Every structure is written in C-alpha cells, then in structure tokens.
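Colleague: I am attaching a structure below and will ask some questions about it afterwards.
Bear in mind that the values in this text are calculations on the coordinates, not laboratory data. Everything quoted here is computed from the prediction, not taken from an experiment. Virtual Cβ from ideal backbone geometry, glycine too; neighbours counted across all protein chains shown.
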Amino acid sequence: MTRRTDTPPAWDERTQLTTFLDYARDTARAKCEGLSAEDARKAPLPGSPLMTVCGLIGHIRWVEYHWIQVVFLGEEIAGPLAEVTEEDPDPEMRQALDVPLPRLLAEYEEQSARYRALFAEHDLDAKAVRPIRDGRHVDLRWILLHLVEETSRHNGHLDIVRELVDGQTGV
C-alpha cells in the first residue's frame with residue numbers, strides 16, 4: 001500500500017512544496033492499487049473515451065515532463081506531446097491505453113525521482129527558459145505550485161473513474 005503524508009519533514013518553503021507534490025503523486029498511485037488491467041483501461045464516461053485510469057496516469061506524467069523539461073529547462077518537446085494536434089489534443093492519454101498500468105506507474109515514479117533531484121538543485125526563483133502563453137517566464141516555485149494543482153485536480157478524476165469502473169472509493 002502506498003504511504004502518503006502531506007506533513008513535511010521541515011518547514012522551509014521548498015520542502016513544503018515538494019512534500020505536497022509528492023503527496024499528490026502518491027495519491028494518484030494509491031488510487032491505482034488493486035485495479036485490474038481491464039479496469040485500468042475502462043472509460044466509464046460516454047463522452048470521454050480517454051478518461052481512463054491509464055489515460056490519467058499517462059497524462060499527469062507527461063504534464064510534469066512538459067512543465068519541467070520543456071518549459072523550465074527549455075528542451076524540445078518529445079514523446080506523445082510532440083504529436084498533439086487539433087484533431088488529437090491528448091495523444092498521451094490515447095497512447096497510455098497501450099501500456100500496462102504497472103509500467104506507467106514505474107515510469108512515473110522514475111521520472112518523479114529525477115524531478116525531485118532537479119528541484120533540490122535549482123533555486124525556487126529560477127526562471128523557466130521558455131515563456132508561458134502570455135510571454136512571461138514563470139519561476140520554479142510557480143511550476144511546483146501548478147503541478148500540485150494539476151495533479152490534485154486529476155486525482156479527483158481518478159476518484160470518479162475508479163468508483164465507476166470497480167466501485168472502489170475512499171482512497
């Protein structure tokens with residue numbers, strides 16, 4: 001069982017921010033525990049065929065990649081996000097349907113470990129290499145806060161999907 005805590009081991013700003021992000025990540029992983037391979041790919045909402053547990057885990061993984069590697073570090077877009085089009089705005093969710101949930105979770109955890117190290121190496125005031133839509137360069141603090149918000153929002157989606165596919169609640 002995934003152990004989660006939102007209580008940081010220290011009270012400095014960086015530790016509080018990274019603790020909340022890890023808590024949100026751990027919550028996403030906990031919502032996947034005990035789920036069958038078949039249920040991980042079920043899309044219980046008729047108007048949202050990509051809203052699956054696998055799709056959501058794939059999405060939050062690639063959202064972190066985008067904000068950290070593409071926006072903050074300035075790397076070129078790779079992976080499924082390089083395939084985004086108007087006709088297919090969520091290829092990371094579609095492609096996740098072809099990947100076993102344990103592999104998606106392992107890739108997400110490996111990436112999370114690398115990003116934890118990156119957060120420790122950079123000042124929270126460090127500016128992103130790439131600007132956001134309005135032309136401003138956000139700082140690492142903003143990116144951390146945004147990732148807490150984004151992951152937590154999708155945890156709500158995971159709650160709904162999980163309850164609809166197998167009745168599991170309260171994770």
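Colleague: Residue by residue through the stretch 107-119, which ³J(HN,Hα) values in whole Hz follow from phi under the Karplus form 6.51 cos²θ - 1.76 cosθ + 1.60 (θ = phi - 60°), with glycine and proline marked x?
Modeller: Each residue's phi maps through the Karplus curve to give 5, 5, 5, 4, 5, 4, 5, 5, 6, 4, 5, 4, 4 Hz.
Colleague: Tell me which trypsin sites (Lys or Arg not before Pro) from the stretch 1-98 have a DSSP coil assignment and no more than 12 other beta carbons within 10 Å of their own. Present the calculation step by step, with values, prior to reporting the outcome.
Modeller: On the way: sites: Arg3, Arg4, Arg14, Arg25, Arg29, Lys31, Arg41, Lys42, Arg61, Arg94; in loops: Arg3, Arg4, Lys31, Arg41, Lys42.
Here the trypsin sites (Lys or Arg not before Pro) that fit, given the DSSP loop and packing criteria, are Arg3.
Colleague: Still on this structure, I have one more. In the stretch 1-58, which chymotrypsin sites (Phe, Trp or Tyr not before Pro) are in a loop and have at most 14 other Cβ atoms within 10 Å, using DSSP for the loop call?
Modeller: Details: sites: Trp11, Phe20, Tyr23; in loops: Trp11.
Counting only loop positions with at most 14 other Cβ atoms within 10 Å, the chymotrypsin sites (Phe, Trp or Tyr not before Pro) in the stretch 1-58 are Trp11.
Colleague: As a footprinting exposure proxy, order Ile57, Ile132 by other Cβ within 10 Å, with the fewest listed first.
Modeller: Numbers: Ile57 26, Ile132 14.
Ranked by crowding around the Cβ, least crowded first: Ile132, Ile57.
Colleague: So which trypsin sites (Lys or Arg not before Pro) in the stretch 132-161 pass both tests, a DSSP loop state and at most 10 other Cβ atoms within 10 Å of the Cβ? Could the numbers behind the result be given before it?
Modeller: Working: sites: Arg133, Arg136, Arg141, Arg153; in loops: Arg133, Arg136.
Passing both the DSSP loop test and the Cβ count: Arg133.
Colleague: Quick check: the angle from helix 140-166's long axis to the longest principal axis of the chain, C-alpha only, nearest 10 degrees?
Modeller: Compared with the principal axis, the helix lies near 10 degrees.
Colleague: Next up: Once you place label points 7 Å from the Cα toward the Cβ at Glu83 and Ala30, how far apart are they in nm?
Modeller: 3.3
Colleague: Another question about this same structure. Using a simple spin-label model with points 7 Å from Cα along the Cα→Cβ vector, what separation in nm is obtained for Glu163 and Ser112?
Modeller: 2.3
Colleague: Using the scaling law 2.2 N^0.38 Å as the reference, what is the normalised Cα Rg of the chain?
Modeller: Compared with the compact-globule rule of thumb, the chain sits at 1.04.
Colleague: How high is the relative contact order of the stretch 86-171, given as a whole-number percent (alpha carbon pairs under 8 Å, six or more residues apart)?
Modeller: 13
Colleague: Also, I was wondering about something else. Can you give the helix-only mean residue ellipticity at 222 nm for the chain, where every DSSP H stretch with n ≥ 4 adds -39500 (n - 2.57) and the sum goes over all residues, rounded to the nearest 500 deg cm²/dmol?
Modeller: Numbers: 6 runs with 89 residues, N = 171.
That calculation yields -17000 deg cm²/dmol at 222 nm.
Colleague: Report, in degrees rounded to the nearest 10, the 0 to 90 angle that the Cα long axis of helix 13-30 makes with the longest principal axis of the chain.
Modeller: 10
Colleague: Need the C-alpha centroid separation for the stretch 10-55 versus the stretch 110-171, integer Å.
Modeller: 11
Colleague: How big is the dipole moment of the chain about its Cα centre under a simple scheme where the beta carbon of each Lys and Arg is +1, that of each Asp and Glu is -1, and everything else is neutral? Debye, nearest 20, please.
Modeller: Working: 20 positive and 31 negative charges, 60 e Å.
That gives a dipole near 280 debye.
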